[in-house]
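First up is the structure itself, then whatever we jot down about it.
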Amino acid sequence: MGPFGGRVLDRLVPWYGSLISVLAFLLFLCIQLGAGGINIGAVIIVAFGIDVSNQIIQVAVTTAIYGCVSQLIICLFCENFPNSLIEFLQKLDPA
């Protein structure tokens, strides 16, 4: 895929990347079922295509997970940290 494919993949929404990967996997699976026993070239193309589709789905899912985790961390620190700090300081100085 190289740098061009990496840039295209990085700009995709993670769910679209997952959808494209699953559809590519099904396409290469159909090629394997149709021409796998007839020609060795089909087997090589299928092996390359399945590897690429697995890498795409790993990147898409990882991006989605880290995006959700970073949003969760931002919400926790932005929303609860000032309140918990104020409560902590009030417990130290009751007057």
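Annotations for the structure displayed:
- Looking across segment 3-37 at every residue that is free of Cβ contacts under 8 Å to residues at least 24 places away in the same chain and outside any helix (DSSP H, G or I), the one that is nearest to Val59 (Cα to Cα) is identified as Val13.
- Number of the exception - Asn54 against (1) surrounded by 11 or more Cβ atoms within 10 Å (Cβ to Cβ); (2) of a type outside the set (Asp, Glu); (3) modelled with pLDDT under 65: (3)
- Given (1) among the small types (Gly, Ala, Ser); (2) loosely packed, with under 10 Cβ neighbours inside 10 Å; (3) modelled with pLDDT under 85, index of the condition Gly67 fails: (2)
The values are calculated or read from the model by the stated rules, or taken from the named source; none is laboratory data. It should be emphasised that the depicted structure is a prediction, and the values quoted were computed from it without experimental measurement. As a convention, Cβ positions derive from the backbone with ideal geometry for all residues, glycine included, and neighbour counts pool all protein chains shown.
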